[in-house]
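Notes follow the structure.
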Amino acid sequence: MFQYDFMQHAFIAGTIVAIMCGAIGVFVIARGLPFIAHTFSHIGFSGAAFALYLGIDPLNGMLLFTCASALAIGRLGIKMFRKDAVISVVLSIFLGIGLLFLSLSSKQSNAITSLLFGTVLGISPLDVEKLAILSAFVLSMLILGYKMLTFDSFDPVGAQAAGLPIRFISIGFLLLLSIATAEAVQIVGALLVFTLMTTPAAIAQRLTHSVSRMIFLSSLISVIGVWAGLVLAFYTNAPVSFFITAVEGTLYFASLGWINYRERSIRENTVTLDAT
Amino acid sequence: MGAGIKVDRLNVCLGGNRVLRDLSFTVNPGEFVGIIGPNGAGKTTLLRTLLGMVPVESGSISIQGDGKTSGSSMIIGYAPQSRQLDTETLLRAWDFVSFGLPHKFRPWLTKRDRKNVQEAMRVTDSERFAHKPIAKLSGGERQRLFIAQALVRNPQILLLDEPTSNLDPGAQENLASVIARINAEKKISVLFISHDVNLIAQYAHRILYITKGQYAIGTVKQVLQSNVLTRLYGAPVEVMHVGSKLIVSTSSNKPDSSICLHHDNGTQEVLANVSV
């Protein structure tokens, strides 16, 4: 499997993006922003379609559209974009714009599939390099702003009371999220961005008690999903994105089952102790 | 040692309504001042104004610290009235308290940081549940953590906005005694908002009683008098002593025409400009 260059590139790119998505995902969940991430992925889709229409790199188009949207959302106030109606309108508008640009460009059918469901197996060394630089930037910012970001994400009222620059943190985080989403779209596609951005973090937040462990576990689960997806896709010819979502989904429901089992055991032990 | 506060003819407007009118009072270093008043009287607005979160229309606020710390967020620790906590996240109590540490651009905690967290948890009697998830703690236990988080920066003033609301009488009593102990042990100035006159009367050195546009400050004996409260509310109020408890109720007595505090030395102090 590793004798093929495309598999090596896929593993490197997939691992880098998985670690970054796992880390940022913990804050996405804590801040209640999974659907904002999903919205960014659709905005990224139209940005990539726009880039294809212009004949430039789709990643550049995605970054342009998602970063501009992050600044717009940050300026207008994030509360407005948490509303279901607003999210559904924005999602459909940008999907529509994406389709328009794709219909105007000559690379329609292949491009649609790639943008919606990912292109990790077709990733070039140059793309790997770009993803590595962007991921390093996102992770560095997360490390530098870790204390402020954790406070504001897990206890927003306390953070405001402590005098943290919450608006600056909010806009800064949206910008990082927009970059991370544009990267994740390259691996799993616009429609399946939840897979890397929120599922691993949703598992981790139920299994560990400290933020640093949540980040580690979330990144680990994300990497496991990507590696398993790549291996299974290589030997079966089914899409990578399908396997990544299947593995992450299975881990999520397994974690729910484990938590239920653990809580039932604790309750039963408590009842037994009370009886004795 | 705690810091002193001097508020001089403070006027604050919110949404076009004057919430605080010509409010003047001082808090001595290390003093425990209880703030009482009906809903909408401006108690929370007063604390937020002291923190610089609400603009002052006119008047002045000066905080006289010991000069060791700078910036209001470092001198003042604030525990707001309500918190938005995700009950799905199993964040442990220790991490929650550590959020309140001064924010530097390094993600790890130093020995000194850990010592400060331990000390804040010790003084609030919350060490025994330091490693439990915050979502699994009782209301009283969570309130201790909120206070510990406000204390972790070693502030000179502690502002507590209704920490005993939604607690049963036993838990209210426990928490109030913890706050009184912090005040006595750390010599921190405390401003404590509560609706429970008896709780405040038990621990506060002085009381600031605020109603819409009027206020009175003095010892419990000075403020909790029928004529003072009647004048503050603009309607007959009776203060009765039943055993060791104070009962404040409306009565049909006509209010007196004066509003002043009677000092032990026989002098009188005009507390508010009253126009009924």
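The values are calculated or read from the model by the stated rules, or taken from the named source; none is laboratory data. Predicted model, so just to flag it, every value in this text is computed and none were measured. Cβ coordinates were reconstructed from backbone atoms using ideal geometry, including for glycine residues, and neighbour counts include every protein chain displayed.
Take segment A:155-177 and flag every residue that is surrounded by 24 or more Cβ atoms within 10 Å (Cβ to Cβ) and of a type in the set (Phe, Trp, Tyr).
Scanning segment A:155-177 gives a single hit, A:Phe173.
Would you be able to tell me the number of residues in segment B:58-79 that are within 11 Å of another protein chain (Cβ to nearest Cβ) and either more than 28 Å from B:Asp22 (Cβ to Cβ) or at pLDDT below 85 (or both)?
Here is the first cut: in segment B:58-79, the residues within 11 Å of another protein chain (Cβ to nearest Cβ) are B:71-79.
From what is left, the residues that are either more than 28 Å from B:Asp22 (Cβ to Cβ) or at pLDDT below 85 (or both) are B:71-75.
Result for segment B:58-79: 5.
Looking only at residues that are in contact (Cβ under 8 Å) with a residue 12 or more places away in the chain and over 22 Å from B:Ser177 (Cα atoms) in segment B:95-113, which one is nearest to the other protein chains (Cβ to nearest Cβ)? Spell out how you get there, then give the answer.
The initial filter retains those residues of segment B:95-113 that are in contact (Cβ under 8 Å) with a residue 12 or more places away in the chain, namely B:96-102, B:113.
Remaining after also requiring over 22 Å from B:Ser177 (Cα atoms): B:96, B:98-102, B:113.
Numbers: B:Phe96: 7, B:Ser98: 9, B:Phe99: 4, B:Gly100: 6, B:Leu101: 7, B:Pro102: 9, B:Asp113: 10 Å.
Selected residue: B:Phe99.
Anything in segment A:153-172 that is closer than 12 Å to B:Ala79 by Cβ and charged (D, E, K, R)? List them, or say none.
Residues of segment A:153-172 closer than 12 Å to B:Ala79 by Cβ: A:155, A:157-158, A:161-162.
A:Asp155 - this is the single residue of segment A:153-172 that is closer than 12 Å to B:Ala79 by Cβ and charged (D, E, K, R).
How do the pairs read when you match residues in segment A:154-168 that are farther than 16 Å from B:Leu51 by Cβ with residues anywhere that are outside any loop (DSSP other than H, G, I, E, B), using Cβ under 6 Å and keeping only pairs 6 or more apart or on different chains?
Every condition considered, the pairs that remain are A:Phe154/A:Ala30.
Restricting segment B:81-94 to residues that are within 26 Å of the chain's Cα centre (by Cα) and surrounded by fewer than 21 Cβ atoms within 10 Å (Cβ to Cβ), which is farthest from the other protein chains (Cβ to nearest Cβ)? I'd like the intermediate steps shown before the answer.
Taking segment B:81-94 and keeping what is within 26 Å of the chain's Cα centre (by Cα), we get B:81-86, B:93-94.
If we keep only those that are surrounded by fewer than 21 Cβ atoms within 10 Å (Cβ to Cβ) as well, we get B:81-86.
On the way: B:Gln81: 9, B:Ser82: 7, B:Arg83: 5, B:Gln84: 6, B:Leu85: 7, B:Asp86: 7 Å.
This residue is B:Gln81.
Please specify each residue of segment B:118-127 satisfying the condition of being surrounded by fewer than 23 Cβ atoms within 10 Å (Cβ to Cβ), part of a helix (DSSP H, G or I) and within 22 Å of the chain's Cα centre (by Cα). Write out each step before concluding.
Residues of segment B:118-127 surrounded by fewer than 23 Cβ atoms within 10 Å (Cβ to Cβ): B:118-119, B:122-123, B:125, B:127.
Then keep just the ones that are part of a helix (DSSP H, G or I); that gives B:118-119, B:122-123, B:127.
Selection gives B:Glu119, B:Arg122, B:Val123.
Given the structure, is B:Pro55 outside any helix (DSSP H, G or I), more than 10 Å from chain A (Cβ to nearest Cβ) and either under 27 Å from A:Arg167 (Cβ atoms) or over 21 Å from the mean Cα position of the chain (by Cα) (or both)? Step through it out loud before you land on a result.
Numbers: outside any helix (DSSP H, G or I): yes; more than 10 Å from chain A (Cβ to nearest Cβ): yes; either under 27 Å from A:Arg167 (Cβ atoms) or over 21 Å from the mean Cα position of the chain (by Cα) (or both): yes.
Judged against the criteria, B:Pro55 is a match.
Out of segment B:128-154, which residues are of a type in the set (D, E, K, R) and either within 13 Å of another protein chain (Cβ to nearest Cβ) or crowded, with 16+ Cβ neighbours inside 10 Å (or both)?
Scanning segment B:128-154 gives B:Lys132, B:Lys136, B:Glu141, B:Arg142, B:Arg144, B:Arg153.
For residues that are in contact with a Ser or Thr (Cβ under 8 Å, 6 or more places away or on another chain) and surrounded by 24 or more Cβ atoms within 10 Å (Cβ to Cβ), scanning just segment A:9-22, find the one that is modelled with the lowest pLDDT.
Within segment A:9-22, the first condition is being in contact with a Ser or Thr (Cβ under 8 Å, 6 or more places away or on another chain), and the residues that meet it are A:9, A:16-22.
This time we only want the ones that are surrounded by 24 or more Cβ atoms within 10 Å (Cβ to Cβ), so: A:17-18, A:20-22.
Working: A:Val17: 88, A:Ala18: 91, A:Met20: 91, A:Cys21: 91, A:Gly22: 92.
Ranking the candidates gives A:Val17 first.
Can you tell me which condition B:Leu167 does not meet? The list is (1) more than 14 Å from chain A (Cβ to nearest Cβ); (2) in a loop (DSSP other than H, G, I, E, B); (3) at pLDDT 85 or above, and all the others hold.
Unmet condition: (3).
Any idea which of (1) away from chain B (no Cβ under 14 Å); (2) in contact (Cβ under 8 Å) with a residue 40 or more places away in the chain; (3) closer than 27 Å to A:Ser124 by Cα is the one A:Ser218 doesn't satisfy?
Among (1) away from chain B (no Cβ under 14 Å); (2) in contact (Cβ under 8 Å) with a residue 40 or more places away in the chain; (3) closer than 27 Å to A:Ser124 by Cα, the lone unmet condition for A:Ser218 is (1).
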